[in-house]
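Just below is one structure, and these are the notes that go with it.
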Amino acid sequence: MIFMTRAGCEMKNKELFQANSGGYLYTVLHVESGHYCMTASGEKDSLRYPSSLDHTVHDMVHFKDIPLFFERVRHAHRGEEFIPFSVRGRDDSQLPMYVEHLERIDELHALLRAFPIKKGLVEIAPASPSATWSSPFFDFMDEAAILLKTNGEVMKINTAFTKEYGWTEDDLVGGILPYVPKDLQEEFELTRNRLLAGEKKVVLDTVRLKKNGTRVPVSIRAYPVFDSGDRLAATTAMIVSKDSAAATQSLIQLQERIIKDRDQLIIDIMENTGLGVGQYDFIHKRFVYLSPAIKNLFEVELNEIYADGLSFQKHIHPDDRGNMANVLCNAGSSGEMDYRVIVPGKGLKWLRTKSVPIRNSEGRVLRLIGFTQDITKQKFSEEVNLKWEKLGMVGHLAAGIAHEVRNPLTSVKGFMQLMDETGSAGAYTDIVLDQLDRIEQIVDELLMLAEPHQGDEMRQADLKKILSEVIRLLRAEARMHNCEIQFKVPETNLPAFCKMDEIKHVIINLVKNSIEAMPDGGVIHLAAWDSADGPIIEVRDEGVGIPEERLPRLGEPFYSNKEKGTGMGLMKSFKIIERHGGTIEFESEEGKGTTARIRLPRVKKTTSP
């Protein structure tokens, strides 16, 4: 840096340029006193520190540029970003200097790299009053911006400038800025001259005027604009109101706080709820998040699951592991599954997991989120309700069967009296025995529901036989309600892989619903046949029907068409058929009746009964 007499300047420049072919000047500066000394290069091991006998910045820099000089130097010396700048010499005998780099040496000294701004360094483009300038970026940027000719005349302002300060192009274009306060005109000229002297960026905190005369504290960033021939054609400045910037910063901080609070709220919920949440990454084949509840649900340490994504399956019931593995390994799967967990010393518990896939814009599944809850109490409640419902069914059936038993008993009693009076036992013996056989058959039918061993496990069975047994149970109750059951099945066997007692339960429930749907009596059509996909069972009545808008809700708990119904019967029927891998469909027309159609999967040839 050259801060000395003109003669000394010429001598130092000659020596320096001989030592440094790049043309840079290196100066060691005492950042507090301003004393400096020149050095031939930027090598720290050859530096000499300035003393009180050396020149000072105050003696060599224009007095108006001294505040800028120390502001930039001291900010950078403290570790803040260094912004290059230019300063003028104290008088016309020194060239202006452009300081482009600063390096901290120690707590008191800094090394500056600069070069002199010689005349002709920045070539001014010739004035072209008729030329126009336009840029979509300039016009639509959010910050207020202004474009000036090299003589300070306004060329253009953008929409944001008008919105922020009230001035329009009609107010400003073609004149010198009236939005600069009179007491700051000299500051404005100094900033413009720094750009004309070659400075690439000028940052200035100052004050500007709105059209209504209000003074606004602003931060200005000014830049030179060059034409295609690298000639300075104009200068541009972006002006940010400190009030607006403060409001924007407050809004940003508020948004950041809201986001932080929301994220913390989500974390608090996940960390303290009994619902287990896990997120599995299909790209890296591992879990990326597990909530604390997972540990208690699966009785496995979370770190163990993070290390081995399938370790949680070690307590899952062997019959349910295959289904779990298929869901986890199949990236496209989603839905809901119930399964059992066997915990040594704690017994059996039921869990339910609902999985939701997360896909990218191309439809590829990246992650799978699982929500798991303990449904042991719910399962126990369902089993208890099922037992009570069976008892209720037995009660209803018993009433009908008791009526059927009463008839042969009356016959037996009458013939026994005749035998006693006439002494002719042989004539009535066959009739009495037939009636007793009839009573035995009816009682056997009543006990059919009380034989749990028939359906403890899934096995191959003949649906034709199952339906025939159910019909014998229900005909008595149907007759009590003035209903008739018409039964149609194929002559050959109708094989199905099922639990017999559960299928009986579903058919009984559907037939009883049909009986209740026909308060004035009618015909119930019960049929079964084989299809390409598996056996089909159909229950059709001539009852009041179900409104179309209610059909999709059939099977939901606590939703029923009956006045005092709970909807639990149909819900259990849906669950039973779902466990069998089948479906239940309903078709209905108000005033004409309802059809329930059960579809069961086909029995595989390799399956043994």
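Using 0.36 nm per residue, how much length does the chain from His58 to Asp142 gain when fully extended, once their Cα-Cα distance is taken away? It would help to have the intermediate numbers written out before the result.
Values: separation 84, 0.36 × 84 = 30.24 nm, distance 4.07 nm.
So the chain would gain 26.2 nm between His58 and Asp142.
Using a cut-off of 9 Å between beta-carbons, work out the net charge of the residues near Arg113 (Lys and Arg +1, Asp and Glu -1, Arg113 not included). List each step's numbers first, then the result.
Values: positive: none; negative: Glu100, Glu103.
The answer is -2.
In terms of solvent-accessible area of protein heavy atoms at a 1.4 angstrom probe, what is the ranking of Lys572, Lys64, Lys285, highest value first? Numbers along the way, then the final one.
Details: Lys572 20, Lys64 80, Lys285 130 Å².
So, going from the largest accessible area down, we get Lys285, Lys64, Lys572.
Assuming R0 = 30 Å, what is the FRET efficiency of Thr168 and Asp91, from their Cβ-Cβ distance, to the nearest 0.05?
Details: r = 43 Å, r/R0 = 1.42.
Here the calculated transfer efficiency is 0.10.
With every protein chain left in place and a probe of 1.4 Å, what is the accessible surface of Thr492, to the nearest 10 Å²?
Answer for Thr492: close to 100 Å² accessible.
Subtracting the Cα-Cα distance from 0.36 nm times the residue separation, let me have the gained length for Asn272 to Glu189 in nm, one decimal.
23.5 nm
With θ taken as phi - 60° and the coefficients 6.51, -1.76 and 1.60, list the Karplus ³J(HN,Hα) couplings across segment 223-234 in order, rounded to whole Hz; mark glycine and proline as x.
9, x, 10, 10, 8, 5, x, 6, 9, 5, 9, 6
Give, in nm to one decimal, the length gained when the segment between Gln378 and Ile258 is fully stretched (0.36 nm per residue of separation minus the Cα-Cα distance).
Numbers: separation 120, 0.36 × 120 = 43.20 nm, distance 3.81 nm.
Working it through step by step, the gained length comes to 39.4 nm.
At R0 = 56 Å, how high is the FRET efficiency between Arg321 and Asp520 if r is their beta carbon distance? Nearest 0.05 is fine.
On the way: r = 53 Å, r/R0 = 0.94.
The calculated FRET efficiency here is 0.60.
Working with all protein chains in place, sort His580, His101 by solvent-accessible area computed with a 1.4 Å probe, largest first.
Values: His580 10, His101 75 Å².
Most to least solvent-accessible, the answer reads His101, His580.
Antiparallel DSSP bridges in segment 471-543: what percent, to the nearest 5?
Approximately 50 percent, going by the DSSP bridge assignments.
Evaluate E = 1/(1 + (r/R0)^6) for Val343 and Glu80, where r is the Cβ-Cβ distance and R0 equals 60 Å; express this FRET efficiency to the nearest 0.05.
Numbers: r = 61 Å, r/R0 = 1.02.
So the FRET efficiency works out to roughly 0.50.
Just add up the charged neighbours of Arg90: K/R +1, D/E -1, any other residue whose Cβ is under 10 Å from the Cβ of Arg90. Before the final figure, lay out each step's value.
Details: positive: Arg88; negative: Asp59, Asp65, Asp91, Asp92.
Once positives and negatives cancel, what remains is -3.
Using a 1.4 Å probe and ignoring any ligands, DNA or RNA, find the accessible area of Glu100 and quote it in Å² to the nearest 10.
Surface open to solvent at Glu100 totals about 50 Å².
Let me check I've understood the local charge: for Asn360, count other residues with C-beta under 14 angstrom from its C-beta, Lys and Arg +1, Asp and Glu -1. What total comes out? Provide the component values of the computation, followed by the final result.
Working: positive: Arg359, Arg364, Arg367; negative: Asp281, Glu362.
Here the count lands on +1.
The values are calculated or read from the model by the stated rules, or taken from the named source; none is laboratory data. All figures in this text were calculated on a predicted structure; none of them were measured in a lab. Positions of Cβ are generated from backbone atoms using ideal geometry, with glycine treated the same way; all protein chains shown enter the neighbour counts. Side chains included, ligands, DNA and RNA excluded: accessible areas come from the protein's heavy atoms. Shrake-Rupley method; radii C 1.70, N 1.55, O 1.52, S 1.80 Å.
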